[in-house]
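So the structure is just underneath, and the comments pick up after that.
None of the figures in this text is laboratory data; all of them are computed from the coordinates on show. Everything numeric here is computed off the predicted structure, so don't read it as measured data. Glycine gets a Cβ as well: all are built from the backbone with ideal geometry, and neighbour counts include every protein chain shown.
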Amino acid sequence: MNVLVTGGAGFIGSNFIFHILDQHPNYRVVCLDALTYAGNLSTLESVMDNSKFRFVKGDITDRELIDQLFKEEKFDFVVNFAAESHVDRSIEDPGVFLKTNILGTQVLMDASRTYGIKRFHQVSTDEVYGDLPLDRPDLFFTEETPIHTSSPYSASKASADLLVQAYHRTFKLPVTISRCSNNYGPYHFPEKLIPLMISRALNDESLPVYGKGENVRDWLYVGDHCTAIDLILHKGKEGEVYNIGGHNEKSNLEVVKTILRELGKPESLITYVKDRVGHDMRYAINPTKTRRELGWEPTTLFDDGIKQTIKWYLDNRTWWENIISGDYKDYYKKMYEDRQGDE
Ligand SMILES: NC(=O)c1ccc[n+]([C@@H]2O[C@H](COP(=O)([O-])OP(=O)(O)OC[C@H]3O[C@@H](n4cnc5c(N)ncnc54)[C@H](O)[C@@H]3O)[C@@H](O)[C@H]2O)c1
């Protein structure tokens, strides 16, 4: 099988590439990534010389490049992780979110139609369902929950989901969609809550918490997300949506306090800052369908996963320090441009 993984130099996409190369040694993986600020090629260093792996720098909205790549590679599976993914940035500048997240998905699906694929998998998010009130712990998102978005980010992801479903219905494109809750784990860009708090706490810097820190997220270890996508790709039914989540609901404040406790740092580092506009209160996924139909089970409990993640950030300081200093942007120039001639 030849698998195209878009956005594979980002957090979840890179973990998925490691998962596929490890679990399916006969598969070939092509990573297409535009290396925006969120893409870090050094993350993929360990697989760069793997003969089953190819990296291509490119934008999913670039129709000509995508067409050429599909023609050349004859992909079996396309897994679309590429996206602008940070809610705060979507509030500052929605335009690029619409371009990448919606139009980029369309370009990939058009090429999938033209050249034929076995499966187009769209990596979506629980944020398309909007939020739940804090005082109704009995409520969860199912695949039937209506789309009800809050931010330009979630609206762009929901729009892409609708387009994916339309391509299935209209053109019979073999698609699946997964909607996952918040991920954490290795290679998470340090602008997102967990890595931001770990990196700042390690440097004894203040930890900015939005509002009162009451917002609840349903945290899933990234490895469990990857196993779910692998199962959906191989066993999921065409045209279906699958929710992914591990029932690990935590308030932001609980998460931050856990990190401080694990690192032996004082809670006095916490500073409460003005809340995000339109901040969703609670996300909570009901993953019953994915468990029942595909036999998926998350294997990492939050208490273990957060310890592993903190250890990873302690053991891989250079990785995140290079991001904070901006040096990671030089990696492509230093390492990759020299390799272009080898392809
Ligand atoms: N992080 C989460 O908790 C979470 C949860 C559920 C779903 N998701 C979804 O999973 C996917 C991956 O999320 P992530 O956290 O790994 O994101 P990320 O921001 O870490 O990575 C995104 C990657 O996409 C690349 N990219 C951006 N625009 C591109 C373009 N136009 N063409 C090609 N590449 C481009 C970036 O360079 C980066 O490598 C996203 O679609 C996101 O919506 C994320």
At 10 °C and 1.306 mPa s, grab the translational diffusion coefficient of region 1-89 from Stokes-Einstein with a Kirkwood Rh over Cα pairs, rounded to a whole number in µm² per second.
121 µm²/s
Please name whichever of Thr170, Leu294, Gln23 sits farthest to the positive end of the charge dipole of region 2-338, dipole taken about the Cα centre and charges placed at Cβ: Lys and Arg +1, Asp and Glu -1.
Thr170
Once phi for every residue in region 207-223 is put through the Karplus expression 6.51 cos²θ - 1.76 cosθ + 1.60 (θ = phi - 60°), the whole-Hz ³J(HN,Hα) values, with Gly and Pro written as x, are 10, x, 10, 5, x, 9, x, 7, 4, 9, 10, 9, 7, 10, 5, 4, x
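In percent, what relative contact order does region 2-338 have, based on Cα pairs under 8 Å that are 6 or more apart in sequence?
Contact order relative to length: 19 percent.
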Hey, fewest Cβ within 10 Å first, where do Ile147, Ile270, Ile117, Ile198 land in order?
Ile147, Ile270, Ile117, Ile198
The chain - share of DSSP beta bridges that are antiparallel (%, nearest 5):
10 percent
If one builds a Gaussian network model of the chain from Cα atoms under 10 Å apart, the most fluctuating residue listed among Tyr129, Tyr27, Tyr313 is Tyr27
Looking at the chain, which longest stretch skips every one of the trypsin sites (Lys or Arg not before Pro) that is in a DSSP loop with at most 12 other Cβ atoms within 10 Å, leaving the sites themselves out?
75-171
In this structure, the FRET efficiency calculated for Arg292 and Asp138 from their beta-carbon separation, with R0 = 25 Å, to the nearest 0.05, is 0.80
Which whole-percent values make up P(r) of the chain when all C-alpha to C-alpha distances are grouped in 20 Å steps starting at zero?
31, 61, 8
Please list, ordered by chain and number, the residues whose modelled amide H lies under 5 Å from the amide H of Asn183; skip anything fewer than 5 residues away on the same chain.
Leu220
So what is the 222 nm mean residue ellipticity for the chain from helices alone, if each DSSP H run of at least 4 adds -39500 (n - 2.57) and you divide by all residues, rounding to the nearest 500 deg cm²/dmol?
-11500 deg cm²/dmol
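Calculate the FRET efficiency for Asp67 and Ser46 from the Cβ-Cβ distance with a Förster distance of 35 Å, rounded to the nearest 0.05.
Details: r = 30 Å, r/R0 = 0.87.
With R0 = 35 Å, the Cβ-Cβ based efficiency is 0.70.
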Treating only Lys and Arg (+1) and Asp and Glu (-1) as charged, each at its beta carbon, one finds that the chain has a dipole about its Cα centre, in Debye to the nearest 20, of 480 debye
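Can you tell me the length gained on complete extension of the stretch Asp303 to His24, counting 0.36 nm per residue apart and subtracting the Cα distance?
Fully extending the segment from Asp303 to His24 adds 97.5 nm.
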Aspartates and glutamates within cross-link reach of Lys52: Cα-Cα under 15 Å, excluding same-chain residues under 8 positions apart?
Asp22, Glu73, Asp76, Asp342, Glu343
Using amide H atoms built 1.01 Å from N in the peptide plane, name the residues 5+ places from Tyr272, or on other chains, whose amide H lies under 5 Å from its own.
Val209
Between Ile324, Ile244, Ile232, where does the largest GNM mean-square fluctuation fall for the chain, given springs only between Cα atoms within less than 10 Å?
Ile324
Inter-centroid distance (Cα atoms) of region 16-80 relative to region 247-262, Å
33 Å
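Could you tell me what a quarter of the Cα convex hull surface of region 185-299 works out to, in nm² with one decimal place?
Hull-based average projected area comes out at 8.3 nm².
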With the 8 Å Cα cutoff and a minimum separation of six or more residues, region 131-234 has a relative contact order in percent of 25 percent
